[in-house]
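What follows is a single structure, written as structure tokens, with notes after it.
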Amino acid sequence: MVESGGDGNAVVDRAALRDFYDEYFACLEQQDLEAWPAFFTEDARYLVQSIENQRCGLPIGDVFCDGAAMIRDRATALRSTSVYEPRQLRHFAGTLRLTGREPDGAIRCELGYLAVETIAGEAPVLFSAGRSIDEIVTDAGRLRFRRRTVVYDHGYIRNSLIFPL
Amino acid sequence: MVESGGDGNAVVDRAALRDFYDEYFACLEQQDLEAWPAFFTEDARYLVQSIENQRCGLPIGDVFCDGAAMIRDRATALRSTSVYEPRQLRHFAGTLRLTGREPDGAIRCELGYLAVETIAGEAPVLFSAGRSIDEIVTDAGRLRFRRRTVVYDHGYIRNSLIFPL
Amino acid sequence: MVESGGDGNAVVDRAALRDFYDEYFACLEQQDLEAWPAFFTEDARYLVQSIENQRCGLPIGDVFCDGAAMIRDRATALRSTSVYEPRQLRHFAGTLRLTGREPDGAIRCELGYLAVETIAGEAPVLFSAGRSIDEIVTDAGRLRFRRRTVVYDHGYIRNSLIFPL
């Protein structure tokens, strides 16, 4: 249930958060790169990094986008210029932890995930496992990420990160 | 929540759909082949095929059942005549997308899935990943598949498809 | 929803059970061994065993704790004396089956699971797949396991079972 709270932010329960992540992962699975940036606010920061870097507090990652323009640019680049083998990803949501609220009402939460990748003609593999550390706000009538940091548990990304996580 | 709609079809929310898939997968995990056909309507069509065939619009699949009689026949054949190593499957539901309604009120939806198989004495493996494209109706007081097409992302099924998906 | 029933036990729906498992798995993923014993009642029995042993009705398992004192001891031993490579586990809940009620109102249920393990610097692997057979009660205002039997589908645990399941 998403209800408008007094501070303009939503009263969001676990089911609504899970539905939001479900829509986000469905967008990625359909490789709908045009719809992907709309899951972020204009001032969003998006980062994908290893757990080692995250634990050391290092800002380095495989992908870093500071603001929606960079996120849209990433989507466009992927659609227009990248060359890669056809593949299909499937995302599985794991544990959901609500870790707090920002002073302005934004939700802080973490979600465990598993991403299974199948390169065309090959067998499915465990592509990535880890968790995301997210800040979610109600923005223009829907939930969006204001901050999304995907922290994978392994040392590096197998092959390369083509589609976002 | 499953409520009776004016057209005899149910008002079904995401949670009710997830519960329905949960029951379906639990039936498969228990290898309860006698209970499996009851998840389908009498006029149901059940197909398992690769994403390549599905994208090309080809009707070919590993399993095709046209009607409940063929579905029951499949279950009986598996119980009575098939010889295979003991195995255990575990199913994990991924993204759920409600894609529309048929004119008669049937729900069209897609569910990402992961099936993990353990042959007795061996390590668990990723048996299959993909999505199902389903049509679900309320029939004799419960949800049932009127159409279920399981589309796996990989080129072929590892070993062979013993139990249905 | 968790409501107080007439017998002092809770009226618990599927969503509340899933939230409980979510909290339990989140505790394990954070390797919060100090918080782990609080998921069990004082008289709880905790067992991890293979499906072969479970089917034969054998009491033998990789871990057996009879009572909360043994559970706390296990947590302390793991924290204080065990030597193991750093690793991260991710848990994914599968099918949930409510299988009945004990005469005193305790819930009997089974949950399919997948545990993915990543040893530091390595790729993620399927660590364990199976189901748990649980008895859950409302105890001092929250849900707790009175009995938890984790039955893995494979013949043995890869490497060794460091963290509980």
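The values are calculated or read from the model by the stated rules, or taken from the named source; none is laboratory data. Small disclaimer: the values here were computed from a predicted structure and weren't measured. Note that we place each Cβ from the backbone using ideal geometry, even for glycine, and neighbour counts take in every protein chain shown. With ligands, DNA and RNA removed, areas are computed over all heavy atoms of the protein, side chains included. Shrake-Rupley method; radii C 1.70, N 1.55, O 1.52, S 1.80 Å.
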Does the protein assembly as shown come out rounded, prolate or oblate, given a ≥ b ≥ c as the square roots of the eigenvalues of its C-alpha gyration tensor, rounded meaning a/c under 1.5 and, failing that, prolate meaning a/b above b/c? rounded
So the pair-distance distribution of region C:28-94, from every Cα-Cα distance in 5 Å bins, comes to percents of 3, 14, 19, 23, 22, 14, 4
Which residue fluctuates most in the GNM of chain C (Cα springs below 10 Å): C:ALA123, C:ALA35, C:ALA93? C:ALA123
Counting only protein heavy atoms and leaving out ligands, DNA and RNA, the solvent-accessible surface of C:GLU122 at a 1.4 Å probe, in Å² to the nearest 10, equals 90 Å²
List the distances, in nm and shortest first, from the label point of A:ARG55 to the matching label points in every other copy, placing each point 7 Å from Cα along the Cα-to-Cβ direction. 3.9, 3.9
A 1.4 Å probe over the protein heavy atoms gives region B:27-165 a carbon and sulfur accessible-area percentage of 50 percent
For the pair A and C, how large is the buried accessible area, both sides, in square angstrom to the nearest 100, if the probe is 1.4 Å? 1500 Å²
Give me the dipole magnitude in Debye, nearest 20, for region C:1-142 about the Cα centre, with unit charges on the beta carbon: positive for Lys and Arg, negative for Asp and Glu. 340 debye
By the gyration tensor of its Cα atoms, with a ≥ b ≥ c the square roots of the eigenvalues, what is the shape of region C:65-114: rounded for a/c under 1.5, prolate for a/b over b/c, or oblate? oblate
Averaged over A:117-124, how many beta carbons belonging to a partner chain fall within 10 Å of each residue's beta carbon? 6
What are the residues of region B:69-91 that lose 40 Å² or more of accessible area, with a 1.4 Å probe, going from their chain alone to all protein chains? B:GLN88, B:ARG90
Say the dipole of chain A comes from +1 at the beta carbon of Lys and Arg and -1 at that of Asp and Glu; which of A:VAL151, A:ILE162, A:THR76 then lies farthest toward its positive end? A:VAL151
Going 7 Å from Cα along the Cα-Cβ axis for the label, what nanometre distances separate C:ALA69 from the same residue across the other copies? 6.7, 6.7
To one decimal in nm, how far is C:THR81 from the same spot in the other copies, if labels go 7 Å from Cα toward Cβ? Please give the shortest first. 5.9, 5.9
Calculate how steeply helix B:68-80 sits against the longest principal axis of the alpha-carbon atoms of chain B, using the helix alpha-carbon long axis, and give the answer as 0 to 90 degrees to the nearest 10. 30 degrees
How much of C:ARG101 can a 1.4 Å solvent probe reach, expressed as accessible area in Å² and rounded to 10? 120 Å²
Over the protein assembly as shown, with neighbouring protein chains present, the accessible area per residue in Å² at probe 1.4 Å is 43 Å²
Among chain C residues, which Cβ is nearest the axis of the C-onto-B rotation, and at how many Å? C:PHE92, 3
Summing +1 per Lys or Arg and -1 per Asp or Glu among the other residues with Cβ less than 10 Å from A:VAL151's Cβ gives -1
Within 10 Å of each Cβ in A:18-27, how many Cβ atoms from other chains are there, averaged over the peptide? 3
Solvent-accessible area of C:VAL137, probe 1.4 Å, all protein chains present, reported in Å² to the nearest ten, please. 10 Å²
In order through region C:148-165: 3J(HN,Hα) via Karplus (6.51 cos²θ - 1.76 cosθ + 1.60), integer Hz, x for Gly, Pro: 9, 10, 8, 10, 8, 7, 8, x, 7, 8, 4, 6, 8, 8, 7, 8, x, 10
Can you give the helix-only mean residue ellipticity at 222 nm for chain A, where every DSSP H stretch with n ≥ 4 adds -39500 (n - 2.57) and the sum goes over all residues, rounded to the nearest 500 deg cm²/dmol? -6500 deg cm²/dmol
Degrees separating the helix B:14-29 axis from the principal Cα axis of chain B, which is the longest one: 30 degrees
Beyond 23 Å, the calculated P(r) of chain B holds a percent of Cα-Cα pairs equal to 38 percent
